[in-house]
Amino acid sequence: MSRKTKYSYELRREILRQYFEEQRSLSFLSNEYLIDEGTIRKWRDMYLCNGDKGIKPINNKYSGKFKEEVLEYYYTHNMLLRETAAYFNIPSTSTITKWLSLYEKDGISGLYKERRGRKLKKKSTKQVYIPSHPPKDIKELSHEEALKELEYLRMENEVLKKYHALLRQKGLLKENK
């Protein structure tokens, strides 16, 4: 599935047709369609390197091997990021910039790690006492269990106080006198 693009394939084709066939300048097309000149230049470069395929929306999931090939080409041919992106049909130069920083930081193995999506939150190492069975009589609890229950009850009390304060603030709860 390809991601949603800001400019349709048809619009890109029409702008490039005017550029090549009607000899319209980049600045004229930029003003005419209210699109940044650099964006049109990028489309032109991608079209010159890859034909129609270069301006079609693509799926932006790249393998580690592909990333490695792109960086190898970039370094060996001493190319500009824009030229390298156009050659490999990568829509944004910032993608290659990220790969470069990953390569410098983690080496080749950094290019093969999947980094998409939200990072997982670290689980808290602090254990919270949550009573799972009917409460025992206070006299039957050990000292440690009593402290955990006290901490749990204090937290529960604070939560309820904050909840009631919010309800009062919204006018849903009247203060007791």
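Above 17 Å lies some portion of the pair distances; for segment 70-115, what is it as a whole percent of all C-alpha pairs?
I get 29 percent for the Cα pairs in segment 70-115 exceeding 17 Å.
For segment 88-101, what does the Karplus curve 6.51 cos²θ - 1.76 cosθ + 1.60, with θ = phi - 60°, yield as ³J(HN,Hα) per residue in whole Hz, taken in order and with x for Gly and Pro?
Each residue's phi maps through the Karplus curve to give 9, 6, 9, x, 10, 5, 5, 4, 5, 4, 4, 4, 4, 5 Hz.
Taking the dipole about the Cα centre of the chain, with the C-beta of Lys and Arg at +1 and of Asp and Glu at -1, give me whichever of 11, 29, 73 is farthest to the positive side.
Going by the Cα projections, it comes out as 11.
Can you compute the radius of gyration and Dmax for the chain, using only the Cα atoms, both in Å?
Just the Cα atoms of the chain yield Rg and Dmax of 29.9, 93 Å.
Relative to the Cα centre, what is the charge dipole magnitude of segment 60-115, using +1 at the beta carbon of each Lys and Arg, -1 at the beta carbon of each Asp and Glu, and rounding to the nearest 20 debye?
On the way: 8 positive and 7 negative charges, 47 e Å.
The dipole magnitude comes to about 220 debye.
Read-outs: derived from the displayed coordinates by stated rules, not from any lab. Nothing here was measured: the structure is a model prediction, and the numbers come from that model. Positions of Cβ are backbone-derived with ideal geometry, glycine not excepted, and every protein chain shown enters the neighbour counts.
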